[in-house]
1. With a Förster radius of 30 Å, plug the Cβ-Cβ distance of residue B:86 and residue B:172 into 1/(1 + (r/R0)^6) and report the FRET value to the nearest 0.05.
2. How big is the dipole moment of region A:28-90 about its Cα centre under a simple scheme where the beta carbon of each Lys and Arg is +1, that of each Asp and Glu is -1, and everything else is neutral? Debye, nearest 20, please.
3. Using Cα-Cα distances under 8 Å and only pairs 6 or more residues apart, what relative contact order does chain B have, in percent?
4. About the Cα centre, and with charges only on the beta carbon of Lys, Arg (+1) and Asp, Glu (-1), how big is the dipole of chain B? Nearest 20 debye, please.
5. Among B:76-85, B:52-61, how do they line up by average Cβ neighbours within 10 Å per residue, starting with the highest?
6. Quick one: which residues, 5+ away or cross-chain, put their amide H under 5 Å from the amide H of residue A:126? H built at 1.01 Å from N.
7. Counting only other residues whose beta carbon sits under 9 Å from that of residue B:2, what net charge do I get with K and R as +1, D and E as -1?
8. Any idea what the residue B:17 label distances to the other copies are, label 7 Å down the Cα→Cβ vector, nm, shortest first?
There are 2 protein chains.
Amino acid sequence: MDVIEAIKTRRSVRRFTGDPIPDDVMTDILEAVQWAPSWANTQCWEVIVVKDQALRDRIAEEIMKGNPASKGVAACPAVLVMLAIEGQAGFYKGEAISDKGDWYMYDIGVAMQNVTLAAWRHGLGTVHVGAMDAPGLEKILEIPEGRRVVSLTPLGYPEKVGPAPPRKEISEFVFTDTYGKK
Amino acid sequence: MDVIEAIKTRRSVRRFTGDPIPDDVMTDILEAVQWAPSWANTQCWEVIVVKDQALRDRIAEEIMKGNPASKGVAACPAVLVMLAIEGQAGFYKGEAISDKGDWYMYDIGVAMQNVTLAAWRHGLGTVHVGAMDAPGLEKILEIPEGRRVVSLTPLGYPEKVGPAPPRKEISEFVFTDTYGKK
């Protein structure tokens, strides 16, 4: 699947069959994390692949009420939980060197987008989930100090793929040379 | 180009020819932003396409000293500056609802990764740049209140593509079910 096609046809998926994911497909998806670019190649990511049903049920409970991804987490064969190692992205010689502090949110966003595209290529659905009790998940998943749960996605074969939500027009968000100039 | 190939062969590029970018290619790259997923479809991104040489020279001066992307910004035909609208990603009914506050760093990372992959598909190089004086850039680019410069990339045809920096092994950053479990 061409990368442009993947970018444009990818949809966020929240309803899944329980069909298992072949090992070689899972490897391809984890390699999409491995090959993501990162701040000074610090690779501040870690991934927990949660297959255990009881754990997935507990994760589902930590997602914001009413978010349909919650049912997807319980129903899908595997959840990928993206962790960040604090104090690496955005730092130089131990000091945060930009006005943004720690850049782990950015780098995990980058890596997770690689996951969504690689998964879509293999017919698998994903959805970036951030509306959850991350500290609660850190307890459930036994995350040590210095690591943060950032986002997660259910991963599985779609039971249903919805329509694309409407997008802003290019002309609404693109400017030339300075802000507001067309 | 298959999406998996794009993910695995993409390299960060810091040296560019000055060859111009065809309009249809630029459109494809901007559509890669348009089709990125975002927090509750808030699409908090804006993009400034900086072609003006004098402006690119000034942007280059705001990048951290010694970063080779600085020369790329001056030499390439166009720089894409990614802005975030504050107070949208991570919010529900006007309130930040996670322990991470504003999620714009995450969503801009997602969108910029789409840019790097779409560009690579067209033979164009990019590099995520965050080590810079973003408030200085906000003045140069006349960014209004409520918008933040997050990252930028030079965009152009590579003069040189370097080797891939080494990556962690999958086994170093992937766990099963709970932290540290293989």
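Every read-out reported here was derived from the displayed coordinates using simple, explicitly stated rules and does not represent laboratory data. Being a predicted model, the structure only gives us computed values, none of them experimental. As a convention, Cβ positions derive from the backbone with ideal geometry for all residues, glycine included, and neighbour counts pool all protein chains shown.
1. 0.25
2. 240 debye
3. Over chain B, the number comes to 32 percent.
4. That gives chain B a dipole magnitude of about 740 debye.
5. On the way: B:76-85: 24.2, B:52-61: 16.2.
Averaged packing, sorted descending, gives the order B:76-85, B:52-61.
6. A:13
7. Residues close to residue B:2 contribute a combined charge of -1.
8. Residue B:17 label point versus its equivalents elsewhere: 4.8 nm.
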